[in-house]
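Report on the structure given below.
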Amino acid sequence: GLVWPVAHIDGTADMGNIATVLFASPNFWLAGVLLAPALCILLDISIMSIRRHLTPKPHEILQEVEYLEGVRRQALRELGVGKHELKGRTYKHRSVEMSASTSTLIA
């Protein structure tokens, strides 16, 4: 640093050139630049996943139903089952219903 070599403050003689030593250390780059942001992102993703699993919003339920319907259609297509068997089904998830034929929320 600029202050430490010029001003002699008792007990701080070790602080000279600390930035050069710190930036040359792989531990600084590993912990400060890679590990800390990764842990913060992991915490955010964990909280979002737990919230979505325990208390999903209506649009998240609709996304899941649409995804599962797509998987189901793909499986039926591979098995050779016709489209007429897909229409008219109603799906329930807690307090929200969705009709497969209209793709709208019934509440």
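The values are calculated or read from the model by the stated rules, or taken from the named source; none is laboratory data. As the structure is a computational prediction, the values presented were derived from the model and not from experiment. Please note: Cβ atoms are built from the backbone with ideal geometry, for glycine as well, and neighbour counts cover all protein chains shown. All accessible areas refer to the heavy atoms of the entire protein, side chains included, with ligands and DNA or RNA removed. Shrake-Rupley method; radii C 1.70, N 1.55, O 1.52, S 1.80 Å.
Apart from one condition, S103 fits all of (1) modelled with pLDDT of 85 or more; (2) under 27 Å from the mean Cα position of the chain (by Cα); the exception is (1). The requirement of being of a type in the set (S, T, N, Q), at pLDDT 95 or above and open to solvent by less than 80 Å² (accessible area, probe 1.4 Å) is satisfied by S46. Note on the stretch 56-69: residues that are open to solvent by less than 90 Å² (accessible area, probe 1.4 Å) and either touching a strand residue (DSSP E or B) at 6+ places or on another chain (Cβ under 9 Å) or within 30 Å of L22 (Cα to Cα) (or both) amount to 6.
Kindly indicate whether H53 is surrounded by fewer than 10 Cβ atoms within 10 Å (Cβ to Cβ), assigned to a helix (DSSP H, G or I) and at pLDDT 90 or above. Considered against the rule, which asks whether it is surrounded by fewer than 10 Cβ atoms within 10 Å (Cβ to Cβ), assigned to a helix (DSSP H, G or I) and at pLDDT 90 or above, H53 comes out as yes.
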